[in-house]
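Some notes on the structure that comes next.
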Amino acid sequence: MEQERMIQLLRSVDRVRRAWKNASPGTQINKSQFFTLMALRNKGGEGFDHICPHPDPFQPMTLSALAKAMHQSMPAVSQRITKLEEMGCVERRPDEHDRRTVWIGLTEQGNALLSESCHIMFRRWQRVMERLEQQDAQSMDRMIDSFNRLADAVQAEFGQE
């Protein structure tokens, strides 16, 4: 019986992963780019609370600080920043006092794209939340708690990036 429950859990997690793959923030950027722009806008913070609008979306940060804040490798974030720079969404600027330090910041175009993508994602997720809450408002809190406990258990067993 326990093995059957484990298989059900793995299938459910895989269904969520496949569905999440389609949860695009729009047509111009993918989810990784969206969350990178959001981390830049929030100065590495995880919250959405200040995303629309943020009082100073153009204050830059270093690549290493961004990668650390996102819990991702420097090469992965660097590659994404290069693509976003090619798209005109971010810019790299050398530090005036230390040429080894490069600051990365949103451009006005990147800020506008992030705001548009943010509104699209919020509308889509609001509809997802409404569907779930129609079933049972308390189940949402239990689901969030369950996902967090699952993530904690998987990280404890397999490690974290």
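The values are calculated or read from the model by the stated rules, or taken from the named source; none is laboratory data. Please read these numbers as outputs of a predicted model, since none were measured by experiment. When we count neighbours, we look across all protein chains shown, and the Cβ atoms used for this are built from the backbone with ideal geometry, even at glycine. Remember, those area values only see protein heavy atoms, side chains included, never the ligands or the DNA or RNA. Shrake-Rupley method; radii C 1.70, N 1.55, O 1.52, S 1.80 Å.
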| How many residues are touching a helix residue (DSSP H, G or I) at 6+ places or on another chain (Cβ under 9 Å) and under 14 Å from Pro25 (Cβ atoms) if we restrict to segment 88-114? | 4
| If you go through segment 13-66, how many residues are modelled with pLDDT under 85, open to solvent by less than 60 Å² (accessible area, probe 1.4 Å) and either on the phi > 0 side of the Ramachandran plot or in contact with a strand residue (DSSP E or B) (Cβ under 8 Å, 6 or more places away or on another chain) (or both)? | 3
| said: Looking at Glu86, Glu130, Glu91 in this structure, which one is loosely packed, with under 15 Cβ neighbours inside 10 Å and at pLDDT 90 or above? | reply: Glu86
| remark: Of the residues in segment 99-108, those that are open to solvent by 50 Å² or more (accessible area, probe 1.4 Å) and under 19 Å from Met74 (Cβ atoms) come to Arg99, Arg100, Val102, Trp103
| request: For Gln135, indicate whether it is under 21 Å from the mean Cα position of the chain (by Cα) and surrounded by fewer than 13 Cβ atoms within 10 Å (Cβ to Cβ). | output: no
| said: I need the full set of residues from segment 61-86 which are closer than 12 Å to Gly105 by Cα, in contact (Cβ under 8 Å) with a residue 24 or more places away in the chain and assigned to a helix (DSSP H, G or I), in order please. | reply: Leu63, Leu66, Ile81, Leu84
| remark: Here the qualifying pairs (Cβ atoms under 6 Å; residues six or more apart or on different chains; first in segment 16-33 and more than 17 Å from Phe122 (Cβ to Cβ); second of a type in the set (Gly, Ala, Ser)) come out as none
| aromatic (Phe, Trp, Tyr) and part of a helix (DSSP H, G or I) - does that describe any residue in segment 98-107? | no
| request: Could you check, for segment 143-155, whether at least one of its residues is closer than 18 Å to Leu66 by Cα, part of a helix (DSSP H, G or I) and modelled with pLDDT of 85 or more? | output: no
